[in-house]
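Remarks on the structure that follows.
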Amino acid sequence: MTRSAAASSPSPRRSDPPPGSGESSDIRIRSADVGDLDALVSLEEGSFPGDRLSRRQLRHLLTRGHAALLVAEDPASRGILGDVVLLFRRGTGIARLYSIAVHPSARGRGLGRRLLEDAEREAWTRERAWMRAEIRKDNEASIRLFESQGYRRFGEYADYYADHMDAWRYEKALDEDLRPTLARVPFYRQTLDFTCGPAALMMAMKALDASLVPDRALELRIWREATTIFMTSGYGGCGPFGLALAADARGFPAEAVVSSPGVHMVDSVRSPEKKEVMALVQADMEAEIRERRIPVRYGVLSLEEMEARFHDGEIPVVLISSWQIYEERSPHWVVVTGFDEHFVYVHDPFVDEAEGELLSDSMNMPVGRDQFRRMSRYGRRGLQAAVFVAPPRESMGAGTP
């Protein structure tokens, strides 16, 4: 699937102030606006010895739709003493705490803690239920601050900062009642715009058989087997029948569930010649599916059934519309990794680096249940499609190419 890059996206970093024992109750925390730009640039220069946000990057953060920038203002002088930057991903329940800055003159007053608490409230008002952050491994004060506020360490990034320092990855559920049931699904990032289907299928198969080795050769091999040539331009993408066939060929029982019969996603293609090719390719796949006795079911797939089958040990690979997340009118495949009362969790094989995203932003992404119901429909006809992948048959090697 193809996405357009956004300009002026900041490079990842994390530098947090030490928590203080003093008071900051006289300081006002509010949303920043473009009028604060000069003060924000000055704060960057006064707070960080390097790896600073530029004026252009700050302006982008202030004017973009998927970020929030809060400032701590001295009510007497109206000077900016600190700020916190949050990044949001469309269609998910995650907020990423990108940066906290406190001017040296204001440190020791608990301002870092207040900014963190206000950032959590801002994320909650924007219907985000999880906060994630990266912290330098040598920043002991920030580690203490985040851990004292209930953040859990769940991973690390090597060579993350400009000076090659590693980072710890932290997360916190902003609702204490969130207790997701997650499958151990290893993450695989798609290496090409059109290989989301193979990447999602490889993640599902790897979760069910640790001996399978996901790599680019397998990614492209599955793409060749599963493509139905439904894209309006460029390379073709994969449909549910092709992915079911690819799973079955590697010893994984699979079932394709499609909302209605007919040629999949044909309404997104204008060329009569391409439509004819799509119909011929799909007919050939259907014949092979019948020969292999791979189950296919037509009808609406409920989220409740998907959750029940997940708890029974199957991994769902689901077609979504990328409009809900990336504002792209393209079909896209994700793999479901878990559920709780409020969210469906997915691994998205696409990592939007142009928007400053990290691998962790695409892992176990929480999507509200109603939001997931909306996004798991594609095109004017609202096509629903999923492939349920079961544990491999003992009689076949799951790693067979």
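The values are calculated or read from the model by the stated rules, or taken from the named source; none is laboratory data. Small disclaimer: the values here were computed from a predicted structure and weren't measured. Note that each Cβ is placed from the backbone with ideal geometry, even for glycine, and that neighbours are counted across all protein chains shown.
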Residue in segment 118-128 that is among the basic types (Lys, Arg) and either touching a residue at least 40 places away in the same chain (Cβ under 8 Å) or more than 15 Å from ILE29 (Cα to Cα) (or both) present: yes
Listed residues ALA207, ALA244, ALA217, ALA226; which is of a type in the set (Gly, Ala, Ser) and modelled with pLDDT under 95? ALA226
Residues located in segment 209-230, provided they are buried (at least 20 other Cβ atoms within 10 Å of the Cβ) and touching a residue at least 60 places away in the same chain (Cβ under 8 Å): LEU212, LEU218, PHE230
Looking only at helices (runs of 4 or more DSSP H) that lie completely in segment 181-250, which have at least 3 residues being closer than 21 Å to ALA279 by Cα and among the aliphatic types (A, V, I, L, M)? 240-249
Residues of segment 88-105 satisfying the condition of being touching a Gly at 6+ places or on another chain (Cβ under 7 Å) and surrounded by 24 or more Cβ atoms within 10 Å (Cβ to Cβ): GLY93, ILE100, ALA101, VAL102
Residue satisfying all of: in segment 186-199; touching a Cys at 6+ places or on another chain (Cβ under 9 Å) and surrounded by 20 or more Cβ atoms within 10 Å (Cβ to Cβ); farthest from LEU280 (Cα to Cα) among these: GLN190
So which residues in segment 260-291 are surrounded by fewer than 17 Cβ atoms within 10 Å (Cβ to Cβ) and touching a residue at least 40 places away in the same chain (Cβ under 8 Å), if there are any at all? SER260, ASP267, VAL277, GLU286, GLU288
Count of residues meeting criterion [exposed (fewer than 12 other Cβ atoms within 10 Å of the Cβ) and farther than 30 Å from PRO214 by Cβ] in segment 144-171: 3
Look at segment 262-294 and say how many of its residues are assigned to a helix (DSSP H, G or I), touching a Leu at 6+ places or on another chain (Cβ under 9 Å) and more than 18 Å from LEU383 (Cα to Cα). 4
Give just the number: which of (1) within 20 Å of MET365 (Cβ to Cβ); (2) among the hydrophobic types (A, V, I, L, M, F, W, C); (3) crowded, with 18+ Cβ neighbours inside 10 Å; (4) in contact with a helix residue (DSSP H, G or I) (Cβ under 7 Å, 6 or more places away or on another chain) does LEU174 not satisfy? (3)
Restricting segment 126-143 to residues that are within 21 Å of ARG109 (Cβ to Cβ) and hydrophobic (A, V, I, L, M, F, W, C), which is surrounded by the fewest Cβ atoms within 10 Å (Cβ to Cβ)? ALA141
Can you name the residue in segment 1-47 that is in a loop (DSSP other than H, G, I, E, B) and hydrophobic (A, V, I, L, M, F, W, C) and is also modelled with the highest pLDDT among such residues? ALA32
So ARG30, is it over 25 Å from the mean Cα position of the chain (by Cα), in contact (Cβ under 8 Å) with a residue 24 or more places away in the chain and closer than 17 Å to GLU122 by Cα: yes
Can you confirm whether ALA183 is free of Cβ contacts under 8 Å to residues at least 12 places away in the same chain and either crowded, with 16+ Cβ neighbours inside 10 Å or under 25 Å from TRP130 (Cβ atoms) (or both)? no
Within segment 295-319, which residues are assigned to a helix (DSSP H, G or I) and in contact with a Phe, Trp or Tyr (Cβ under 9 Å, 6 or more places away or on another chain)? LEU303, MET306, GLU307, ARG309, PHE310, HIS311
